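J.: A single structure is presented below for examination.
The values are calculated or read from the model by the stated rules, or taken from the named source; none is laboratory data. Everything quoted here is computed from the prediction, not taken from an experiment. In this analysis, Cβ positions are derived from the backbone assuming ideal geometry, glycine residues included, and neighbour counts consider all displayed protein chains.
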Amino acid sequence: MSKTPITSMTEEQLAAFVKENGWPAFRARQIFSWLHAKGANSFDQMTDLPKTMIAQLEETCVIERLTVERVQKSKDGTEKYLLGLADGNCIETVLMRYEYGNTVCVSSQVGCRMGCRFCASTQGGRVRNLTAGEIADEVYTAARETGERVSHIVLMGIGEPLDNFDNVMDFLSIISSDKGVNIGMRNISLSTCGLVPMIGKLAERHLGLTLSVSLHAPVNEMRSSMMPVNDAYPLEKLIPACRAYQKETGRRISFEYSMVRGVNDSPQTAAKLASLIRGMGAHVNLIPINPVDGSPYSATDAANVRRFQKQLQDLGVNATVRRRLGTDISAACGQLRREAQKGGGA
Ligand code: SAH
């Protein structure tokens, strides 16, 4: 019989589990705190639990922890970790230092099945979903490696978070708990390539996080050429879903727009983008594409990115250029994992 991944249980699930075992309710709070605040990696460290309970937990449950396989440190303070999972797979986690605090960019799946043409994470397809406990341990590992507090999380690493909906929801519950590391939803962003039905499901949760939508193009033909997901959920479905999300949650969406030379960076395209999203109060994050092996795309140069930004602003759309961190350590999604797979590094 396979063991129960206890680190993936939300407070409610853990409470139910403790009850099923006939233990008093306060044991759930103790275990949760050992796992998510005190970083226990074995049950015998839980010194305030009775010996019999520890023995039973050891027999039936597993604590999911990641191993640090490789660390890369950028000159700008960004740190990137290649992390090993218990089944031998690996993922990437990035810690970025901003003035407002440390942000950890977490992976949500091993690989990805969305197929975006510019993205390294999707090149080998999706291997499996990460569990809630594994995603949480990405945050704990980054905090432990730096010895610093993590204040913000972005779900922008390997994988499509809304393609692993239930585990990601459990992760959000665990990570925002005041019995754990207590990172508030206001400090969490979730990025999606645009899985329309899941955007609706997310809206119903009223979580108060920031939703980022990877838009990258304002016309279907262009978007489909970059992102196959657009064939299933084209702009005439995606944009109304974004508007509905804003209406339902009262939270503004931000759009990611990766700029590819000669593909989505012309003045005509800027005008189309502005008319597509004008009036939503949405924010556009412009980022020159980070060229990856096996992708035909190259980045728009800085002057043209600024021109595109100014044009959007003149047309009444709020746009910023994302500062690029960690370019010297190939910190864009999935690149380190691909390198390690090819080089047999981990
Ligand atoms: N699957 C989610 C989150 C992971 S990717 C999503 O698609 O939103 C996080 C962001 O990085 C997305 O906007 C994605 O489109 C973008 N991205 C991926 N590879 C990139 C690259 N090589 N250069 C620039 N942006 C990239």
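J.: For region 123-138, which residues satisfy the criterion of being β-branched (Val, Ile, Thr) and buried (at least 24 other Cβ atoms within 10 Å of the Cβ)?
T.: Result: Ile135, single match.
J.: Test Thr210 against the stated conditions and say whether it is of a type outside the set (Lys, Arg), closer than 29 Å to Ala37 by Cα, away from the ligand (no atom under 12 Å from the Cβ) and assigned by TED's automatic domain parsing to the domain that holds Ser121.
T.: Numbers: of a type outside the set (Lys, Arg): yes; closer than 29 Å to Ala37 by Cα: yes; away from the ligand (no atom under 12 Å from the Cβ): yes; assigned by TED's automatic domain parsing to the domain that holds Ser121: yes.
So Thr210 fits the description; yes.
J.: Criterion first (within 15 Å of the chain's Cα centre (by Cα), closer than 28 Å to Pro291 by Cβ and part of a helix (DSSP H, G or I)) does Ser121 satisfy it?
T.: Values: within 15 Å of the chain's Cα centre (by Cα): yes; closer than 28 Å to Pro291 by Cβ: yes; part of a helix (DSSP H, G or I): yes.
When the stated conditions are applied, Ser121 passes them.
J.: Looking at Gly208, Gly157, which one is under 30 Å from Tyr140 (Cβ atoms) and within 15 Å of the chain's Cα centre (by Cα)?
T.: On the way: Gly208 fails: within 15 Å of the chain's Cα centre (by Cα).
Exactly one residue qualifies, and that residue is Gly157.
J.: Out of curiosity, is Asn102 touching a helix residue (DSSP H, G or I) at 6+ places or on another chain (Cβ under 9 Å), closer than 22 Å to Leu66 by Cα, away from the ligand (no atom under 16 Å from the Cβ) and free of Cβ contacts under 8 Å to residues at least 60 places away in the same chain?
T.: yes
J.: Oh, and also: Where the second residue is aromatic (Phe, Trp, Tyr) and not in a loop (DSSP other than H, G, I, E, B) and the first is touching a residue at least 12 places away in the same chain (Cβ under 8 Å) and under 27 Å from Tyr257 (Cβ atoms) and lies in region 116-142, which pairs have Cβ atoms under 6 Å and are six or more apart or on separate chains?
T.: The qualifying pairs are Ile135/Phe171.
J.: Still on this structure: Kindly check whether there is at least one residue in region 109-132 that is assigned by TED's automatic domain parsing to the domain that holds Gly194, modelled with pLDDT of 95 or more and away from the ligand (no atom under 16 Å from the Cβ).
T.: yes
J.: Which condition breaks for Thr300 when tested against (1) within 16 Å of the ligand (Cβ to nearest atom); (2) surrounded by 14 or more Cβ atoms within 10 Å (Cβ to Cβ); (3) at pLDDT below 95?
T.: Thr300 satisfies all of (1) within 16 Å of the ligand (Cβ to nearest atom); (2) surrounded by 14 or more Cβ atoms within 10 Å (Cβ to Cβ); (3) at pLDDT below 95 except (3).
J.: Just one of Val181, Val150 is crowded, with 16+ Cβ neighbours inside 10 Å and without any contact (Cβ under 8 Å) to a residue 60 or more places away in the chain; which is it? Show your work before the answer.
T.: Working: Val181 fails: without any contact (Cβ under 8 Å) to a residue 60 or more places away in the chain.
Checking each option against the conditions leaves just Val150.
J.: Pull up region 286-297, narrow it to residues that are more than 8 Å from the ligand (Cβ to nearest atom) and surrounded by fewer than 19 Cβ atoms within 10 Å (Cβ to Cβ), then point me to the one that is nearest to Leu312 (Cα to Cα).
T.: Checked region 286-297; the qualifying residue nearest to Leu312 (Cα to Cα) is Pro296.
Rundown of residues vs (1) aromatic (Phe, Trp, Tyr); (2) assigned to a loop (DSSP other than H, G, I, E, B); (3) in contact with a strand residue (DSSP E or B) (Cβ under 7 Å, 6 or more places away or on another chain), yes/no style:
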{"residue": "Ala270", "(1), (2), (3)": "no, no, no"}
{"residue": "Ala274", "(1), (2), (3)": "no, no, no"}
{"residue": "Met280", "(1), (2), (3)": "no, yes, no"}
{"residue": "Asp293", "(1), (2), (3)": "no, yes, no"}
{"residue": "Ala303", "(1), (2), (3)": "no, no, no"}
{"residue": "Gln313", "(1), (2), (3)": "no, no, yes"}
{"residue": "Thr320", "(1), (2), (3)": "no, no, yes"}
{"residue": "Asp328", "(1), (2), (3)": "no, no, no"}
{"residue": "Arg337", "(1), (2), (3)": "no, no, yes"}
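J.: Of the conditions (1) without any contact (Cβ under 8 Å) to a residue 60 or more places away in the chain; (2) over 30 Å from Arg186 (Cβ atoms); (3) buried (at least 16 other Cβ atoms within 10 Å of the Cβ), Asp44 fails just one. Which one is it?
T.: All conditions pass for Asp44, except number (3).
J.: Checking Phe171 against (1) over 17 Å from Leu35 (Cβ atoms); (2) not in a loop (DSSP other than H, G, I, E, B): exactly one of these is not met. Which one?
T.: Failing condition for Phe171: (1).
J.: Looking at Val168, is it β-branched (Val, Ile, Thr), outside the structural domain of Phe32 (by TED's automatic domain parsing) and buried (at least 19 other Cβ atoms within 10 Å of the Cβ)?
T.: Numbers: β-branched (Val, Ile, Thr): yes; outside the structural domain of Phe32 (by TED's automatic domain parsing): yes; buried (at least 19 other Cβ atoms within 10 Å of the Cβ): yes.
So Val168 passes the test.
J.: Follow-up. Look at Ala143 and say whether it is assigned to a helix (DSSP H, G or I), of a type outside the set (Asp, Glu) and surrounded by fewer than 19 Cβ atoms within 10 Å (Cβ to Cβ). Talk me through it step by step, then tell me what you get.
T.: Values: assigned to a helix (DSSP H, G or I): yes; of a type outside the set (Asp, Glu): yes; surrounded by fewer than 19 Cβ atoms within 10 Å (Cβ to Cβ): yes.
In short, yes.
J.: Could you please find all residues in region 219-234 being buried (at least 22 other Cβ atoms within 10 Å of the Cβ) and touching a helix residue (DSSP H, G or I) at 6+ places or on another chain (Cβ under 8 Å)?
T.: The answer is Arg223, Asn230.
Residue-wise test of (1) among the acidic types (Asp, Glu); (2) under 26 Å from Val150 (Cβ atoms); (3) modelled with pLDDT under 95; (4) in a helix (DSSP H, G or I).
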| position | (1), (2), (3), (4) |
| --- | --- |
| Glu12 | yes, yes, no, yes |
| Val18 | no, no, no, yes |
| Ile31 | no, yes, no, yes |
| Lys38 | no, yes, no, no |
| Asn41 | no, yes, no, no |
| Ile54 | no, no, no, yes |
| Glu69 | yes, yes, no, no |
| Lys75 | no, yes, yes, no |
| Lys80 | no, yes, no, no |
